[in-house]
Each structure stands twice: as structure tokens, then as C-alpha cells.
């Protein structure tokens, strides 16, 4: 089993990352392979809402026209059994880092 935590915080070593670390440590103690990904370390472009990635039918995720780190990140997500999204709440919503990532997951829609 593999658990991936995606951290969408601007603050390294803060409460959100500590919570993600605790969760991953508990999963690792139960035998899971774990990985933590900081969105701060990844180049992810903003979605342009062109919907090109949603035009092909089928079970595979669509292909985005933007060139960045997202395909490799989503390959990691696809290969995992569990996903943790860790982020602080800023101005009553997710951080811009996490929002940018979440919007780009539209490639799973048809």
C-alpha cells in the first residue's frame, strides 16, 4: 500500500506539514510506503479552462496542453492507494497552491 501526502502550505515545518508527517508516520508504522510532496517545490501552471484535457472519452485522464510538473505528480497520485491533501485555510478557503493543483485535476473528467 502507498500513501501520498500533497502539502499545499507556504510554510515549511508548520502545523499542516506536522499533521501530514504524523499521518504518514502512522501509515508507515503499519507497513505502508509513504511519500510527501510539497506543491511549493513543483512547477504547476494555472489552468486556462480550455477543457482540451476533457474531450477524449475513456478511463484514462486527459492530456493537458500546458507543460509543467503536473503529469509526473498525477502519475504518483495514480499509483497510490491513498491520498492526503494537507493545506491551511487562508481567507476561508484552500491556499492558492492547492487551488491551482485541484483545478488541474479536471483532466480526470470527461
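Observations on the structure shown:
- Within the chain, DSSP assigns beta bridges of which about 10% are antiparallel (rounded to the nearest 5).
- Rounded to 10°, Cα long-axis angle of helix 15-29 versus longest principal axis of the chain: 80 degrees
- MRE, 222 nm, helices only [DSSP H, n ≥ 4, -39500 (n - 2.57), over the chain, to nearest 500]: -9000 deg cm²/dmol
- FRET efficiency for the residue 96 to residue 75 pair, using the beta carbon distance and R₀ = 22 Å, is estimated at 0.40.
- Remark: 83, 24 ranked as 83, 24, counting other beta-carbon atoms within 10 Å and listing the fewest first.
- Candidates 57, 71, 88, ranked by Gaussian network fluctuation over the chain, Cα under 10 Å, top entry: 57
- Relative contact order, percent, the chain [alpha-carbon distance under 8 Å, six or more residues apart]: 41 percent
- The coefficient of translational diffusion for the range 2-108, derived via Stokes-Einstein from the alpha carbon Kirkwood radius under 25 °C and 0.890 mPa s, stands at 167 µm²/s.
Bear in mind that the values in this text are calculations on the coordinates, not laboratory data. Owing to the predicted nature of the structure, the values given are computational and were not obtained by experimental measurement. Every residue, glycine as well, gets a Cβ built from its backbone with ideal geometry; the counts of neighbours run over all protein chains shown.
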